[in-house]
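Let me begin by presenting the structure, written as structure tokens, before commenting on it.
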Amino acid sequence: MLAYTVAAVRPDRDATADRPPISAANIPGGAPGCAATAKLIPSCGAWWGVAPDVFGGRPPAEALATAEERMGRKADIVHVYHRGGEPFPTPAERRLARTRLLLINWKPSLRRTWAEIATGAIDRRIDRLAADINRDLPRRFFLTIHHEPENDVRPRPGSGMTADDYAAMYRHVVQRLRYRGVKNAVTVMTYMGAPNWATKPWFERLYPGDDVVDWIGLDPYADRRVDDFAALVDKIRPDHAPWPGFYRWTQTRFPGKPIMIAEWGAFDRPEDPAFKATFYNSVRRQIRGYPQIKALVYFDSPNAPRGDTRFDTTPPTAHAFTELARAPYFSSTPVPDH
């Protein structure tokens, strides 16, 4: 049986030791004295972000502009996705990076196993990516590598896709990028965080190590077991009783790491049309109780795998989401200008 205790949240010592905070007092929209550390940890509140119109087919800039108009504010973070050998940052992403923080979500290969990547199978691809970043993306950005690995694990020894293989792959990619001169990538290890995966005997071995992970990410969605924000970030299940919930686990396992809710969303419930608005209102009420969470990035899609996560499917839902997005907690620290 797994045993967990809840530890007090400590500031991230690594995040503030290497470089001084970025002054942002002269940038509109921020509260006086609020800034971001070298690892993009906001000193006040949390970043607000969006993955706009996912699966909708719109160009990134158009999708973002529409999403920002709908939610009544600019996003701090824009979540974009790439797979395999797709070249990035794209021209559109380079333009977005001038005024937003990019969260680049990259699956390095769709054909190679984690073990193969860890032993150099795609090093030329990683080197090309490093060159592109060094040339085209001078500002700092978030990078997550093969997010949500839990349901891709094949625990059979020799599969090349064990939890240990994932950790080795992640380490290799980050270290190779750094070796090739990439210094501005703030790394995120992004979990699904679902109890049925988190109680697997190999779950803890997915973690690549503190030296290559700056933030801990979580991708939770408001399924039928979730009625408010507290239940979203600390999902539990009676049939997986040892699991305390992701936020509680992270407080114990990574007390010095900031948490990013890298994807989150709520699905429409035909039997409860008011659910989404009620849920968004709970986020606004409860977020201050989770100080280790330093970023929320909404997954806005009409065609998400399990339903419609658009935040404005009804007028009350749109109003509640706008009130949440404009809350001072998400508007205190301006995006760094360099």
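Quick one: Asp76 ticks every box in (1) modelled with pLDDT under 95; (2) in contact with a Gly (Cβ under 7 Å, 6 or more places away or on another chain); (3) of a type in the set (Asp, Glu) except a single one, so which number is it?
(1)
Considering each of Gly193, Gly209, Gly217 in turn, give the residue that is closer than 21 Å to Val297 by Cβ, at pLDDT 95 or above and among the small types (Gly, Ala, Ser). Can you show your working first?
Details: Gly193 fails: at pLDDT 95 or above; Gly209 fails: closer than 21 Å to Val297 by Cβ.
Testing whether each residue is closer than 21 Å to Val297 by Cβ, at pLDDT 95 or above and among the small types (Gly, Ala, Ser) leaves just Gly217.
In the list Met161, Met169, which residue meets the criterion of being at pLDDT 95 or above, surrounded by fewer than 21 Cβ atoms within 10 Å (Cβ to Cβ) and among the aliphatic types (A, V, I, L, M)? If you could, list the steps in order and put the result at the bottom.
Values: Met169 fails: surrounded by fewer than 21 Cβ atoms within 10 Å (Cβ to Cβ).
Testing whether each residue is at pLDDT 95 or above, surrounded by fewer than 21 Cβ atoms within 10 Å (Cβ to Cβ) and among the aliphatic types (A, V, I, L, M) leaves just Met161.
Just to be sure I understand the filter: pairs with C-beta atoms under 6 Å, separated by 6 or more residues or on different chains, first member in the range 276-298 and in contact (Cβ under 8 Å) with a residue 60 or more places away in the chain, second member in a helix (DSSP H, G or I) and surrounded by fewer than 20 Cβ atoms within 10 Å (Cβ to Cβ). Which pairs pass?
Pairs that qualify, where the first residue is in contact (Cβ under 8 Å) with a residue 60 or more places away in the chain and the partner is in a helix (DSSP H, G or I) and surrounded by fewer than 20 Cβ atoms within 10 Å (Cβ to Cβ), are Ile287/Tyr329.
If the requirement is being surrounded by fewer than 21 Cβ atoms within 10 Å (Cβ to Cβ), among the hydrophobic types (A, V, I, L, M, F, W, C) and either touching a Phe, Trp or Tyr at 6+ places or on another chain (Cβ under 9 Å) or more than 15 Å from Ile145 (Cα to Cα) (or both), which of these qualifies: Ala121, Ala75, Ala46?
Just one listed residue meets the conditions, Ala121.
Name the residues in the range 250-301 that are surrounded by 20 or more Cβ atoms within 10 Å (Cβ to Cβ), among the basic types (Lys, Arg) and under 16 Å from Phe330 (Cβ atoms), would you?
If the condition is that a residue be surrounded by 20 or more Cβ atoms within 10 Å (Cβ to Cβ), among the basic types (Lys, Arg) and under 16 Å from Phe330 (Cβ atoms), then Lys294 is the only one that fits.
Can you name every residue in the range 280-310 that is of a type in the set (A, V, I, L, M, F, W, C) and either over 17 Å from Trp47 (Cβ atoms) or touching a Lys or Arg at 6+ places or on another chain (Cβ under 7 Å) (or both)?
Hit for the range 280-310 is Ala304, nothing else.
With the checklist (1) within 21 Å of the chain's Cα centre (by Cα); (2) at pLDDT 95 or above; (3) more than 26 Å from Thr199 (Cα to Cα); (4) not charged (D, E, K, R) in hand, flag the one item Ala121 doesn't pass.
Condition not satisfied by Ala121: (1).
The values are calculated or read from the model by the stated rules, or taken from the named source; none is laboratory data. Computed from a predicted structure; not experimentally measured. Note that we place each Cβ from the backbone using ideal geometry, even for glycine, and neighbour counts take in every protein chain shown.
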